[in-house]
Structure formats: structure tokens, C-alpha cells
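To keep things clear, I will list the structure first and then write my remarks on it.
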Amino acid sequence: MDFLALFVSLPTRQSAGRMRVWRALRALGCASLRDGVFLLPDLPEHAAALTQIAEDVRAGQGSADLYRLGGRDERQQGEIVALFDRSAEYASLIESMADVGAGDAKALRGLRRDLAALVAIDYFPGEARRQAEAALAVLEAAASGEPSATSGWIRRLASADFSGRTWATRKDLWVDRMASAWLIRRFIDRKAKFLWLDNPKKCPKAALGFDFDGATFTHVGGRVTFEVLAASFGLDSDPALARIAAIIHCIDVGGVPVAEAAGIEAVLAGARAAAPNDDKLLSEASRVLDNLYKGYQQEQPHD
């Protein structure tokens, strides 16, 4: 894909004009290549909008030129696309959803409007957009009393019905399977036994599969297996677990950035490299997640 590049320069004294131009560029969702250079995907409607802005700049005694450009290679093209990343904006929107009650119709309409505006300028959508859409769908479904098709319907289960079971997942554990196994043994089934499968298609019928196609518990809509398990057993209202879930989601499938994710990923990768087998790996990962959970619990306000 090629991009349109608007080179803009306005006299310093034109502070009002600079602000007007900046607002117009921001409304279009332009990325900034450097000071005074703004990018949009090369589309006819973008060309028309940027041409109009260029004319306004010249009318204000500034200079403006519109060019077409593209990356010289795949790496550079990727760097240009990355300038349009909206993950931080989706993260802010999701954060604001946490303060909205399901019965607040006005706030829900405002969130839907804000999400639509962000989607309109998200030219390279990814996991962060899906997370935001799924989070809003959950709120809207709660308000209507109906399950959400976007996020997927997750049936509420009682952990007492899952005591002493055998749970199975793919061997060579990584973050979602590690964290899910920890969640199962820590909060759902303290007597859980685990099978690490060479081939998920050969999962024993008596075992509860997780995190593979066709498993009892696996990804649903925009949620990874850890999030699905938490929601299934009513654990998603625990603020400390919710923070861990955000980290697991970020490491596993990307999307909304989480500050701690890179550090936790490095620690778990080190544990994986050092562990001789999946049982030892789960033991080490569980210590990491136990400490993380305790730390997040301590950060919660107390009455």
C-alpha cells in the first residue's frame, strides 16, 4: 500500500491556524512521520481531504505539498504501518468501560459513539480493536439481558462440580496453557491432575480438555482460554485475576498493550527454557503467578 504524505509549514505567528490544521489532521486519523509530515493511506477520499487542508494552509500564508510514498522494503513498510497503531486509544476506551454500569444507557451510547469514531480512523485494525468491541458487547449484553454474540456466550459453572478431575492440554506449555493450568489448580480444582498431550485429537474422553480446538474450555470470541475459564467459574470479578488476564491476553494474542507483559513474558520464557518437563514448568510458572496475584491483591484498596 502507498501512503499520502502532507508536508506542512505554517508561520509561527499563526497559532490559531496551526491548531485548526492539527485538529483537522487528527480528525482524519493521520499518522505523524516527523514534525510537519502527516500520513494517510492512499485513498481518493483522503487525497481530497488532504488537498483541502493544503489549500487552507496556503491561504494562511503557509506552505503545503502533498506527495505519495511507500516503504522501500517490507521492514520499512511495517514501520510506516506501525505509526497508525491505535492500541493505546483502545486501551483508554476499555479502561473507561470499567466505570460504566450496565444500566447506564447514556454512558453506553457514548461508548458506542466513541468506539465507532475510533474504528473509523483505524486503518490497520488488529486485536486491540477486537478486544474493545468484545468488551463493549459484554456491557451491552448485560444491559439487555441477552448473551453477546460478539464476545461469545460462556456458561457459568460451579467449581464444586469439577473437583478431582483430569485436565488435558497440549504439551510444551506456553503462556495461556501455563496460566490456565495455574488458574485451574489454584481456584477451580485444587486436586486437579494434568495430562500433557502429544496429539489433542487423542484426548481421553474422561479428561477435560483446555486450550485446543474442540476442547471443553478454549478461546471464545475475543477471550483466550484463561479468560474463558475465569468467566466460566465466576472468577473474572476478582480485580487481581483481571489484571493477570490482561497480561496473558497481551502475551498470547497481542492487542491492548499491558506495561507488565514484556517482563512477565521474559520470566516465563526463562522458566520454560530451564524446565526439564511440563510438570516442572507448571510448578515454576505457578510460583511466578502466585506472587503476581499476591502483589496485585495488596494493591487493591481496603475498606
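Taking a cut-off of 29 Å between Cα atoms, list the lysines near K191, but don't count ones fewer than 8 places away on the same chain.
Straight-line reach from K191, under 29 Å: K171, K201, K202, K205, K280, K294.
Which of the trypsin sites (Lys or Arg not before Pro) found in the stretch 11-104 are in a DSSP loop and have at most 15 neighbouring Cβ atoms, other than their own, within 10 Å?
Within the stretch 11-104, the qualifying trypsin sites (Lys or Arg not before Pro) (loop, at most 15 other Cβ atoms within 10 Å) are R13, R72.
List the extent of the Cα atoms of the chain along each of their three principal axes, largest first, rounded to whole Å.
The principal-axis extents, from largest down, are 76, 47, 38 Å.
Counting only helical runs of four or more DSSP H residues, what would the 222 nm mean residue ellipticity of the chain come to if each run contributes -39,500 (n - 2.57) and the total is spread over all its residues?
Result for the chain, helices only: -16000 deg cm²/dmol.
Binned at 5 Å from 0, what are the whole-percent values of the Cα-Cα distance distribution for the stretch 159-299, short to long?
Spelled out bin by bin, the stretch 159-299 gives 2, 10, 21, 25, 23, 14, 5, 1, 0 percent.
List the chymotrypsin sites (Phe, Trp or Tyr not before Pro) in the stretch 180-250 that DSSP assigns to loop (not H, G, I, E or B) and whose Cβ has at most 14 other Cβ atoms within 10 Å. Which are they?
The qualifying sites: there are none.
Length gain on complete extension for the stretch D290 to S163, per 0.36 nm per residue less the alpha carbon to alpha carbon distance?
43.7 nm
Roughly what % antiparallel, to the nearest 5, for the DSSP beta bridges in the chain?
65
Can you work out the FRET efficiency for the pair Q298 and T51, with r the C-beta to C-beta distance and R0 = 51 Å, to the nearest 0.05?
0.35
Taking N as the number of residues in the stretch 1-63, what is its alpha-carbon radius of gyration divided by 2.2 N^0.38 Å?
Computed over Cα atoms of the stretch 1-63, the ratio equals 1.04.
Compute the long axis of helix 127-144 from its Cα atoms, compare it with the longest principal axis of the Cα atoms of the chain, and write down the angle in degrees, 0 to 90, nearest 10.
70
Taking the Cα centroid of the stretch 192-235 and of the stretch 88-122, what is the distance between the two, rounded to the nearest whole Å?
31
Please report how far the C-alpha centroid of the stretch 270-303 lies from that of the stretch 33-51, rounded to the nearest whole angstrom.
Cα centroid of the stretch 270-303 versus Cα centroid of the stretch 33-51: 47 Å apart.
Which percentage, to the nearest 5, of the DSSP beta bridges contained in the stretch 159-299 is antiparallel?
10
So if each residue of separation counts as 0.36 nm, and I subtract the Cα-Cα distance between D73 and A143, what length gain in nm does that give?
This chain segment gains 20.4 nm when fully extended.
Using alpha carbons only, how many degrees (0 to 90, rounded to 10) separate the axis of helix 261-274 from the longest principal axis of the chain?
40
Express in % the proportion of alpha carbon pairs of the stretch 87-144 at distances exceeding 17 Å.
The proportion of pairs with Cα distances above 17 Å equals 29 percent.
Values in this text are rule-based calculations from the coordinates and carry no lab data. Predicted model, so just to flag it, every value in this text is computed and none were measured. Cβ: placed from backbone, ideal geometry, glycine included. Neighbour counts: every protein chain shown.
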